[in-house]
1. With respect to T242, is the statement that it is out of contact with any Phe, Trp or Tyr (no Cβ under 8 Å at 6 or more places or on another chain) and of a type in the set (S, T, Y) true?
2. Go through the stretch 75-92 and give me each residue that's more than 22 Å from W18 (Cα to Cα), free of Cβ contacts under 8 Å to residues at least 60 places away in the same chain and either in contact with a Cys (Cβ under 7 Å, 6 or more places away or on another chain) or of a type outside the set (D, E) (or both).
3. Kindly check whether there is at least one residue in the stretch 273-293 that is closer than 20 Å to C321 by Cα, assigned to a helix (DSSP H, G or I), of a type in the set (S, T, N, Q) and modelled with pLDDT of 95 or more.
4. For the subset of the stretch 304-317 comprising residues that are in contact with a helix residue (DSSP H, G or I) (Cβ under 8 Å, 6 or more places away or on another chain) and either of a type in the set (D, E, K, R) or modelled with pLDDT of 95 or more (or both), which member is farthest from E119 (Cα to Cα)?
5. Scan the stretch 286-303 and give yes if some residue there is touching a residue at least 12 places away in the same chain (Cβ under 8 Å) and under 19 Å from the mean Cα position of the chain (by Cα), otherwise no.
6. Does any residue in the stretch 48-74 that is within 22 Å of F223 (Cα to Cα) come within less than 7 Å, Cβ to Cβ, of a residue that is in a loop (DSSP other than H, G, I, E, B) and among the hydrophobic types (A, V, I, L, M, F, W, C) six or more places away or on a different chain, and which pairs are these?
7. Consider only pairs whose beta carbons are under 7 Å apart and that are at least six residues apart or on different chains; among these, list those whose first residue lies in the stretch 106-128 and is basic (K, R) and whose second residue is part of a loop (DSSP other than H, G, I, E, B).
Amino acid sequence: MTKVMEITVSVTTAGLVWRPFDVAHDYPALVELMNVCNEADGIESIETLDGITNSINHMTGFNPATDMLVVQAVDQIIGYGRTWNWVNDVGECIYGIHGNVHPAWRGKGLGRAILSWQEQRAREIATPHSTSEPRFLQAFVHNIDKQYATLHLLEHAGYTTIRYGFMMVRENLDDIPDLPLPHGLEVRPVRPEHLRCIWDALNEAFRDHWGHRESTEADYERFVNEYDQQLHLWQVAWDTETNEVAGMVLNEITAYENECFHEKRGWTDPICVRRAWRRRGLARALIMRSLRVLREQGMTEAALGVDAQNPNKAMHLYERCGYRPVIKSYTMRKEQRIGE
């Protein structure tokens with residue numbers, strides 16, 4: 001039994017240190033652990049020090065000094081867990097749960113102990129919050145075919161699947177039709193001064209999506225720091241009469257991931273069209289433009305993520321554009337009286 005941030009955790013493995021995340025020293029070890037876990041869990045994603053630092057530093061409803069736990073064996077971090085909170089557009093209070101354990105240390109009860117800590121920390125965070133709104137603990141399983149132990153852990157703890165999605169891949173960049181943009185729209189080169197308009201349009205377009213919450217200034221700062229290097233790949237359509245952003249595909253090529261996985265893959269993600277410009281073929285036209293841009297950059301395939309239950313039938317659109325689902329993910333929730 002070890003006391004961590006005034007929360008008691010229990011685990012069968014002795015000799016481990018349970019402590020708060022150290023923002024001054026722990027980022028490199030955390031990135032290393034996350035990449036080892038991604039490889040074991042079949043997640044084709046390489047985390048970077050800059051990326052993780054940017055994400056954590058700009059996360060809303062989260063304080064890494066109090067809301068994140070690491071488990072250390074000698075001089076190696078072998079597990080971590082964090083929880084953060086937000087209120088979505090329908091007024092639900094959500095307490096996010098995310099964590100992982102080094103593959104060599106799995107099956108020893110660490111995952112259960114970390115989850116217990118996360119839930120207890122969530123209850124503490126929720127104590128001053130309103131008790132009149134629905135409140136849920138929420139977790140995400142990226143690859144249900146590989147992360148079956150995580151799925152079992154969450155199900156055993158009372159979480160149920162409420163949403164599913166896919167990573168989709170277009171396995172070649174052949175036969176890309178040249179689709180015209182709808183009348184009155186044009187794609188313009190993206191400049192840094194456009195970023196605020198693009199971000200505001202992205203936030204507005206995703207208000208129709210399940211679980212959306214209004215963006216914060218911290219979200220915008222994270223967005224700027226994530227995407228400001230590949231503006232030349234983006235396909236952003238503007239209304240020539242109103243000078244408003246109508247829709248976009250914010251393409252990205254992650255060279256270090258392609259090198260690691262021996263791929264030539266580009267990401268056509270996120271994709272969105274604002275309400276006033278929907279049902280006119282804009283999304284499909286922008287996707288086809290994006291595929292040609294990726295091909296011109298030497299890519300041979302394209303990928304994206306999709307909520308399979310998207311109300312605008314996004315998955316059907318992507319299948320028509322030549323993508324197919326390859327990895328299935330779950331969003332899981334547990335309703336709980338937190339903080340009462």
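1. Working: out of contact with any Phe, Trp or Tyr (no Cβ under 8 Å at 6 or more places or on another chain): yes; of a type in the set (S, T, Y): yes.
Spelling it out, T242 is indeed out of contact with any Phe, Trp or Tyr (no Cβ under 8 Å at 6 or more places or on another chain) and of a type in the set (S, T, Y).
2. Within the stretch 75-92, the subset more than 22 Å from W18 (Cα to Cα) is 85-92.
Within this subset, residues satisfying the condition of being free of Cβ contacts under 8 Å to residues at least 60 places away in the same chain are 85, 90-92.
The answer is N85, V90, G91.
3. yes
4. Here the answer is L317.
5. The initial filter retains those residues of the stretch 286-303 that are touching a residue at least 12 places away in the same chain (Cβ under 8 Å), namely 286-295, 297-303.
Subset that is under 19 Å from the mean Cα position of the chain (by Cα): 302-303.
The answer is yes; a qualifying residue exists.
6. Close Cβ pairs (under 7 Å, with a partner that is in a loop (DSSP other than H, G, I, E, B) and among the hydrophobic types (A, V, I, L, M, F, W, C)) amount to P64/F21; P64/V23.
7. K108/T12; K108/T13; R123/I338; R123/G339
Per-residue answers, yes or no, for (1) assigned by TED's automatic domain parsing to the domain that holds Q147; (2) in contact with a Lys or Arg (Cβ under 9 Å, 6 or more places away or on another chain); (3) modelled with pLDDT under 95:
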| position | (1), (2), (3) |
| --- | --- |
| G42 | yes, yes, yes |
| G51 | yes, no, yes |
| I56 | yes, yes, yes |
| T60 | yes, yes, yes |
| T83 | yes, yes, no |
| G91 | yes, no, yes |
| I97 | yes, yes, no |
| N100 | yes, no, no |
| P103 | yes, no, no |
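The values are calculated or read from the model by the stated rules, or taken from the named source; none is laboratory data. From a predicted model like this one, the values you see are computed outputs, not experimental measurements. All Cβ positions, glycine included, derive from the backbone under ideal geometry; neighbour counts span all protein chains shown.
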